[in-house]
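> Encoded as structure tokens, here's the structure I'll be asking about.
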């Protein structure tokens, strides 16, 4: 039997390594030929994908904003890739790859299994621009994914929303997975041994929707009350309208309120060195990868009781869920860990158990491969 050819489509080449590297390896081990498409490949990412045994393919895609001419060009480029490489199934993830990859594949009569990794800014923001983008994206989703063989969601809320908005129908075949999964060997468990110097860690895009402003305010309040506590922050400065400026972050760092690390690649080490992971996001997440990595490493989690985020916490067992955009609600559980450091170890152990039960990347990838095989064979 000839190997089936699968095309993964991403909006960012680095995500093919960080979020889908294990999936690519699993597909190769399952005897598929894998092609990985993304815009603007970095040399090291191209090399790493090739070393895995997959084929990297570059195509032009404007990751943000709306430019009809460029977007049409992206669809045409994807159609050429599908035809030239005789692709048997297209597997896109994130908003633009799902929309344009589905359009391209459907026009080529090639089956699509699309992965909804969160509905993002346009389904979160309340601005007039966000609402306009939401309507536009809804229309594009309707045009693109209704013919897909399967739509895979990372949480039930996103599925329900698309049903309510009539983007998809109840007859549409859907499935669910628990995020992108986490490699439990790469993100190994390390038992916490907290003292009166409890440390917190925030990792995300440095935009307000991810809760960074709330985290900074909580850090100011708690640092004054508990000088030994530490408040770490990892993320690259952005130019987004809702971004926290690098000057503000450096100022808080210089004042000793936070420890700003900037962009980092050695996330596991930072999780091991800190006690509690905090993500007060009100962005419409799929299932945040960072919370899964924190669970695997044995960090208790404080995050919001909102779409995607709530999936990573068993309330009072491995962490706490808080009301979005509520500073007092965030300060309370952070202070709880500062004043009850023994709970850090206990809840950290429960985080690791939860990761093993639900978020093991091998389980997630096997579920995805089963879905793929059902459609191809």
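> Give me a count of the residues in the stretch 192-208 that are touching a helix residue (DSSP H, G or I) at 6+ places or on another chain (Cβ under 6 Å) and part of a helix (DSSP H, G or I).
The number of residues fulfilling the criteria is 0.
> Still on this structure: Looking only at the stretch 282-314, count how many residues are farther than 20 Å from residue 182 by Cα, over 12 Å from the mean Cα position of the chain (by Cα), crowded, with 24+ Cβ neighbours inside 10 Å and at pLDDT below 95.
Result for the stretch 282-314: 0.
> Sticking with this one: Can we say residue 233 is free of Cβ contacts under 8 Å to residues at least 60 places away in the same chain and buried (at least 24 other Cβ atoms within 10 Å of the Cβ)?
yes
The rows are residues; the columns are (1) part of a strand (DSSP E or B); (2) under 21 Å from residue 107 (Cα atoms); (3) touching a strand residue (DSSP E or B) at 6+ places or on another chain (Cβ under 6 Å); (4) at pLDDT 95 or above.
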| residue | (1), (2), (3), (4) |
| --- | --- |
| 147 | no, yes, no, no |
| 151 | yes, yes, yes, yes |
| 159 | no, no, yes, no |
| 163 | no, no, no, no |
| 175 | yes, no, yes, yes |
| 179 | no, no, no, no |
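> Let me ask another. Of all residues in the stretch 315-349, which are within 22 Å of the chain's Cα centre (by Cα) and either in a helix (DSSP H, G or I) or surrounded by fewer than 18 Cβ atoms within 10 Å (Cβ to Cβ) (or both)?
Listed by number, the residues that qualify are 315, 323, 325, 330, 348.
> Ok, one more. In the stretch 265-280, how many residues are in contact with a strand residue (DSSP E or B) (Cβ under 9 Å, 6 or more places away or on another chain) and either assigned to a helix (DSSP H, G or I) or modelled with pLDDT under 95 (or both)?
4
> Then there is this: Got a number for residues in the stretch 34-55 being under 22 Å from residue 363 (Cβ atoms) and in a loop (DSSP other than H, G, I, E, B)?
1
> Next up: Taking residue 151 as the residue in question, decide whether it is crowded, with 22+ Cβ neighbours inside 10 Å and in the same structural domain as residue 368 (by TED's automatic domain parsing).
Details: crowded, with 22+ Cβ neighbours inside 10 Å: yes; in the same structural domain as residue 368 (by TED's automatic domain parsing): yes.
Yes, satisfied.
> Right, another one. Scan (1) more than 30 Å from residue 160 (Cβ to Cβ); (2) not in a loop (DSSP other than H, G, I, E, B) for the single condition residue 303 breaks and write down its number.
Status for residue 303: all satisfied but (1).
> Out of the residues in the stretch 13-33 that are more than 24 Å from residue 108 (Cα to Cα) and in a loop (DSSP other than H, G, I, E, B), which is nearest to the chain's Cα centre (by Cα)?
19
> Conditions first: (1) surrounded by fewer than 16 Cβ atoms within 10 Å (Cβ to Cβ); (2) in contact with a helix residue (DSSP H, G or I) (Cβ under 9 Å, 6 or more places away or on another chain). Residue 69 passes all but one, so which condition is the exception?
(2)
> Here's another thing I want to ask about it. Does residue 225 meet the test of being surrounded by fewer than 15 Cβ atoms within 10 Å (Cβ to Cβ) and not assigned by TED's automatic domain parsing to the domain that holds residue 287? Give the steps one after another, and end with the answer.
On the way: surrounded by fewer than 15 Cβ atoms within 10 Å (Cβ to Cβ): yes; not assigned by TED's automatic domain parsing to the domain that holds residue 287: no.
Judged against the criteria, residue 225 is not a match.
> I want to confirm something. Restricting to the stretch 209-220 and keeping residues that are out of contact with any helix residue (DSSP H, G or I) (no Cβ under 6 Å at 6 or more places or on another chain) and in a helix (DSSP H, G or I), which single residue is surrounded by the fewest Cβ atoms within 10 Å (Cβ to Cβ)?
Filtering first and then ranking leaves 220.
> Quick one: is residue 188 closer than 19 Å to residue 293 by Cα, in contact with a helix residue (DSSP H, G or I) (Cβ under 9 Å, 6 or more places away or on another chain) and in contact (Cβ under 8 Å) with a residue 12 or more places away in the chain?
On the way: closer than 19 Å to residue 293 by Cα: yes; in contact with a helix residue (DSSP H, G or I) (Cβ under 9 Å, 6 or more places away or on another chain): yes; in contact (Cβ under 8 Å) with a residue 12 or more places away in the chain: yes.
It is true that residue 188 is closer than 19 Å to residue 293 by Cα, in contact with a helix residue (DSSP H, G or I) (Cβ under 9 Å, 6 or more places away or on another chain) and in contact (Cβ under 8 Å) with a residue 12 or more places away in the chain.
> With the structure loaded, tell me whether residue 368 is touching a strand residue (DSSP E or B) at 6+ places or on another chain (Cβ under 6 Å), farther than 23 Å from residue 191 by Cβ and in a helix (DSSP H, G or I) or whether it fails that test. Step through it out loud before you land on a result.
On the way: touching a strand residue (DSSP E or B) at 6+ places or on another chain (Cβ under 6 Å): no; farther than 23 Å from residue 191 by Cβ: yes; in a helix (DSSP H, G or I): yes.
Judged against the criteria, residue 368 is not a match.
The values are calculated or read from the model by the stated rules, or taken from the named source; none is laboratory data. Treat the numbers as computed from the prediction; the structure is a model and nothing was measured. As a convention, Cβ positions derive from the backbone with ideal geometry for all residues, glycine included, and neighbour counts pool all protein chains shown.
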